[in-house]
Amino acid sequence: MTNKTNSLPEWFADASVIWLERRNAATSALGSELGKFLIARTQTEKDAQLHHEIMREPIRGDAVIHVASLRGSSSEIIGLSRVARPWEVIKKRNQLNKNRDSYYYIALQDYIDFEYPLRVSELFDEIGDE
């Protein structure tokens, strides 16, 4: 059961680092359950290799903002969680190619599902006015 709210928890203000997870159809195909863990392949195309190595940086207590673009083209902030423990490498069957691939895996905790998702474009419109 997830907590539905649009207020920020106390632990969010105490986080020294805030990460952003951008979820799309490809991420969902990896079987990632929202707010439970982050996952990314360890071996990808040459250009994406460095992008995925960032998965080694989150530490326990860091906050994660979850952004999804599953309902069309607009991206929405849909929830928050925090890192439960640092990364590890796991072997997982990829639902797209049926191979057992290596993935960076980061366990999350304290997921909060926003009752009213916030469109990213609206957030930046507000920031731009200040």
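The values are calculated or read from the model by the stated rules, or taken from the named source; none is laboratory data. A quick note: this is a predicted structure, and the numbers were derived from the prediction, not measured. Here Cβ is always computed from backbone atoms with ideal geometry, including for glycine, and neighbour counts include all displayed protein chains.
Overview of values
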| quantity | calculated |
| --- | --- |
| Pair list, Cβ < 9 Å and 6+ apart or interchain, from region 1-28 residues that are more than 18 Å from ALA68 (Cβ to Cβ) to residues that are part of a strand (DSSP E or B) and modelled with pLDDT under 65 | PRO9/ASN3 |
| Region 34-52 residues that are in a strand (DSSP E or B), paired with ones that are surrounded by 13 or more Cβ atoms within 10 Å (Cβ to Cβ) and modelled with pLDDT under 80 (beta carbon under 7 Å, 6 or more apart) | ILE39/LEU30; ILE39/SER32; ALA40/HIS52; ARG41/HIS52; ARG41/ASP101 |
| Unmet criterion (only one of (1) modelled with pLDDT of 90 or more; (2) basic (Lys, Arg); (3) within 18 Å of ARG119 (Cα to Cα)) for ARG82 | (3) |
| Criterion (modelled with pLDDT under 90, touching a Lys or Arg at 6+ places or on another chain (Cβ under 8 Å) and not aromatic (Phe, Trp, Tyr)) met by exactly one of LEU30, LEU96 | LEU30 |
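Conditions (1) modelled with pLDDT under 75; (2) closer than 18 Å to LYS92 by Cβ; (3) surrounded by 11 or more Cβ atoms within 10 Å (Cβ to Cβ); (4) among the charged types (D, E, K, R), marked per residue:
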| site | (1), (2), (3), (4) |
| --- | --- |
| LEU8 | no, no, yes, no |
| ALA15 | no, no, yes, no |
| ALA26 | yes, yes, no, no |
| ALA40 | no, yes, yes, no |
| LYS46 | yes, no, no, yes |
| HIS52 | no, yes, yes, no |
| GLY61 | no, no, yes, no |
| ILE77 | no, no, yes, no |
